[in-house]
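The values are calculated or read from the model by the stated rules, or taken from the named source; none is laboratory data. Computed from a predicted model, the values in this text were never measured in an experiment. Virtual Cβ from ideal backbone geometry, glycine too; neighbours counted across all protein chains shown.
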């Protein structure tokens, strides 16, 4: 978040890629803190790019860092629990776990965009925000932190 805030859009485009950044600019426009908390809470979403988008927006950094930490907390707890008890599994239990994990990884890779779109739609419904029916207007990348004309004050750079 701080990198986006301090160094602006050129660095974020270099790190995240212009296409991914433009997609998340469109998704995150007109969204507030609850939407971003849910993005951090739900799996399958590129929350690192969302951190950059928050840094480009006028949203206050400190409360957003707290929301990011709270949203990521359940995933960290599950990962720690799995890591702590993984050695207690018998060797034969690793065969279906490994096969199932490989199958899930392939499904997530194959259907990434559909899963991302479905998850974002669910988050929008949960946060009470609806997508605008108007098509986003193309804009040229802006230097620094300024919000381009027609962009939401909550997400600079759309």
Criterion (closer than 26 Å to residue 14 by Cβ, in contact with a helix residue (DSSP H, G or I) (Cβ under 8 Å, 6 or more places away or on another chain) and at pLDDT below 90) met by exactly one of 127, 57: 57
Tell me, please, whether a residue that is part of a helix (DSSP H, G or I), surrounded by 11 or more Cβ atoms within 10 Å (Cβ to Cβ), touching a helix residue (DSSP H, G or I) at 6+ places or on another chain (Cβ under 6 Å) and on the phi < 0 side of the Ramachandran plot can be found in region 95-114. no
I'm trying to understand the selection: among the residues of region 24-41, which are closer than 24 Å to residue 111 by Cβ and either over 14 Å from the mean Cα position of the chain (by Cα) or surrounded by fewer than 18 Cβ atoms within 10 Å (Cβ to Cβ) (or both)? 26
Find all pairs meeting these conditions: Cβ atoms under 8 angstrom apart; at least six residues apart or on different chains; first residue within region 35-50 and on the phi > 0 side of the Ramachandran plot; second residue surrounded by fewer than 20 Cβ atoms within 10 Å (Cβ to Cβ). 44/108; 44/112; 44/115; 44/116; 44/119
Restricting region 7-21 to residues that are over 11 Å from residue 49 (Cα atoms) and in contact with a helix residue (DSSP H, G or I) (Cβ under 8 Å, 6 or more places away or on another chain), the one surrounded by the most Cβ atoms within 10 Å (Cβ to Cβ) turns out to be 9
